């Protein structure tokens, strides 16, 4: 039995390869390696891919590969079950930690 997401990851890797062209290095240690510009310096970026058990959000539009990769997407819907509110217990833990380190 194939691991869940194997075909999808291969398809995404192929799109990354096409998008980065000669800046695509390949796969090493289960990571996709690409070159990127870091303010005038050429660096390598390692990309890891997994297939999450539970979907995180739903994108209403797709990425454009014509002029490079456009990761901007203002239309991602986060499921309501994933609260970004800080609980009172978390606030208390942060307060205690800050007190311990003198902040």
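Odds and ends about this structure:
- Gain on full stretching of the segment that runs from residue 94 to residue 23 - 0.36 nm per residue minus C-alpha separation: 21.3 nm
- Order of 16, 7, 101 - criterion: other Cβ atoms within 10 Å of each residue's Cβ, fewest first: 101, 7, 16
- Added length on full extension, which subtracts the Cα-Cα distance from 0.36 nm per residue, residue 33 to residue 56: 5.8 nm
- Residue-normalised convex hull volume from the C-alpha trace of segment 1-56: 102 Å³ per residue.
Laboratory data are not the source of any read-out in this text; all were calculated from the coordinates shown. Given the structure is predicted, the values throughout are model-derived calculations rather than measurements. Cβ: placed from backbone, ideal geometry, glycine included. Neighbour counts: every protein chain shown.
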